[in-house]
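Student: Structure provided below as structure tokens; questions to follow.
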Amino acid sequence: MPNYKLTLCYDGSRYRGWQRQGNTPNTIQEKVEAALSRILSQPIKTAASGRTDAGVHARAQVVSFRAKTERMPEAILRELRAALPADIGAISLEEAAPRFHARLNAKGKTYVYRIWNSDAPDVFERKYRVSEPRALDLDAMRAAAAMLCGEHDFTSFCSDKRMKKSPVRRVDLIDVERLGDEVRLSFTGNGFLWNMVRILTGTLIEVGLRERDADSMQDILDARDRAAAGKTAPAQGLILWEVFY
């Protein structure tokens, strides 16, 4: 049975996240699988590179699925684009290697978090940025970010208290840059725990506001306690930017 690689973008504002849930049809996975199932006249089950949370967006979410069909990917893609709601976009579809799996074969990801660092209104981008009008010390944030890079136990930066898998992850880069009135944080690593990027962001914002010392990052890591880290930043500022294979 042919295996496919689908790349999607979506505005997660009105969805309960990527993953299908038993108590609501309002997930991105539900919408995509329903559309593919109608187009291909068979039940389709997808696997995504990661489960974005409620309200989180994606610029390039990668999905794999199998389907028994002789139709060309271009034709399927054309119908899928027409069938999906306006806030979910199908970027590309191609036949993949038989053993390709969107999550298991992913080597790394980049997430971007956008902060509107001004007291001016942010009317048109408010669903995709989080407002923080107070001054941010970007040099302090960069110093803290550097201490968080590398391979660490990120238990303190995870919301899952019952997590069974290893909390060790490798963060290759945390970039802090200013683009006019926007402060943009970019996180690249081999994988991220539940809410990890949002907790890292909330902690770095506290450093930027001088509510927390930049050199306290190692103490937070060593604590292995969620209470040691900063707040979980709101979902709407976060975008799954790229997945690496």
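Values in this text are rule-based calculations from the coordinates and carry no lab data. Please read these numbers as outputs of a predicted model, since none were measured by experiment. We place every Cβ from the backbone using ideal geometry, glycine too, and count neighbours over all the protein chains shown.
Student: For every helix of n ≥ 4 consecutive DSSP H residues, a contribution of -39,500 (n - 2.57) applies; sum these over the chain, divide by its total residues, and give [θ] at 222 nm rounded to the nearest 500 deg cm²/dmol.
Tutor: Per the formula, -7000 deg cm²/dmol.
Student: For the modelled label position 7 Å from the Cα of Arg59 along Cα-to-Cβ, which residues of segment 94-125 have backbone nitrogen atoms closer than 12 Å?
Tutor: Counting only backbone N, you get 110-114.
Student: Once the Cα atoms of helix 73-83 and of the chain are each reduced to a long axis, what angle between those two axes, in degrees from 0 to 90 to the nearest 10, is obtained?
Tutor: For 73-83 against the chain, the angle is about 70 degrees.
Student: Just how far, in whole angstrom, is segment 106-132 from segment 18-73 if you go by their alpha carbon centroids?
Tutor: 25
Student: When the chain is fully extended, how far beyond the present Cα-Cα distance does Lys164 get from His101, taking 0.36 nm per residue of separation?
Tutor: Result for the pair: 20.5 nm of gain on full extension.
Student: Charges only on Cβ, +1 for Lys and Arg, -1 for Asp and Glu: so what's the dipole of the chain about the Cα centre, in debye to the nearest 20?
Tutor: 1240
Student: Put a dot 7 Å past each Cα toward the Cβ at Leu173 and Met1; how far apart are the dots in nm?
Tutor: Between Met1 and Leu173, the label points sit 3.9 nm apart.
Student: Dipole of segment 3-96, Cα-centred, from +1 at each Lys and Arg C-beta and -1 at each Asp and Glu C-beta, to the nearest 20 debye? Walk me through the numbers on the way to the answer.
Tutor: Working: 14 positive and 10 negative charges, 38 e Å.
Value, rounded to 20: 180 debye.
Student: Among Val207, Ala145, Ala102, pick out the residue whose Cα is farthest towards the positive end of the charge dipole of the chain, where Lys and Arg carry +1 and Asp and Glu carry -1 on C-beta, about the Cα centre.
Tutor: Of the candidates, Ala102 comes out farthest on the positive side.
Student: Is the chain best put as rounded, prolate or oblate by its Cα gyration tensor, with a ≥ b ≥ c the root eigenvalues, rounded for a/c under 1.5, and otherwise prolate when a/b is larger than b/c, oblate when not? Each step should come with its number before you reach the end.
Tutor: Values: a/c = 2.34, a/b = 1.72, b/c = 1.36.
Taking the square roots of the gyration eigenvalues as a ≥ b ≥ c, the chain is prolate.
Student: Compute the FRET efficiency between Cys9 and Gln42 as 1/(1 + (r/R0)^6), taking r as their Cβ-Cβ distance and R0 = 30 Å, and round to the nearest 0.05.
Tutor: For Cys9 and Gln42, the calculated efficiency is 0.75.
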